[in-house]
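Presented below is the structure to which this report refers.
Values in this text are rule-based calculations from the coordinates and carry no lab data. These figures come from a predicted structure and were not determined experimentally. Neighbour counts are summed over all protein chains in view; Cβ atoms, including those assigned to glycine, are modelled from backbone coordinates with ideal geometry.
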Amino acid sequence: MAGDEWSKEDRERLVRVEQQLGSLKEYVETRLEAIEKSTESAATSLEKRLDSMNEFRQQLKDQANTMLARAEFQVQHERVCEDVKGLRESRAELSGKADQSSVNWATAMAVVAIVIAAVAVVAGFMGG
């Protein structure tokens with residue numbers, strides 16, 4: 001009897017509401033599937049990105065392990081600068097010795113020339 005109390009218009013409205021409800025249910029299910037696919041896609045993309053970031057982090061770690069530390073560089077650089085300074089001083093010292101050698105050679109030649117000149121003078125007085 002409850003069904004008889006409903007008018008034809010009410011039943012038509014009920015049918016329309018049920019149809020709309022069915023359409024709404026299909027729309028919601030379709031949207032939920034799209035959201036799930038999008039979420040899966042985003043999760044996959046994020047996972048790839050995180051893997052890439054981890055790889056980059058590992059490369060930085062490897063690079064940090066193979067690079068020379070600043071403090072160590074300073075120590076080695078100071079040592080090299082001292083070695084270069086020592087080499088310059090040694091070269092200057094050798095250059096000075098070479099110049100002294102030239103002076104000694106010139107002096108020896110001058111003495112020989114004086115001796116030859118003295119002999120020539122003495123020979124000229126005695127011979128002439």
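In the range 1-50, what residues are aromatic (Phe, Trp, Tyr) and assigned to a helix (DSSP H, G or I)? If you could, list the steps in order and put the result at the bottom.
Looking only at the range 1-50, we keep the residues that are aromatic (Phe, Trp, Tyr), and these are 6, 27.
Hit for the range 1-50 is Tyr27, nothing else.
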Problem - Scope the range 71-128; condition surrounded by 10 or more Cβ atoms within 10 Å (Cβ to Cβ) and not in a helix (DSSP H, G or I); matching residues - result: none
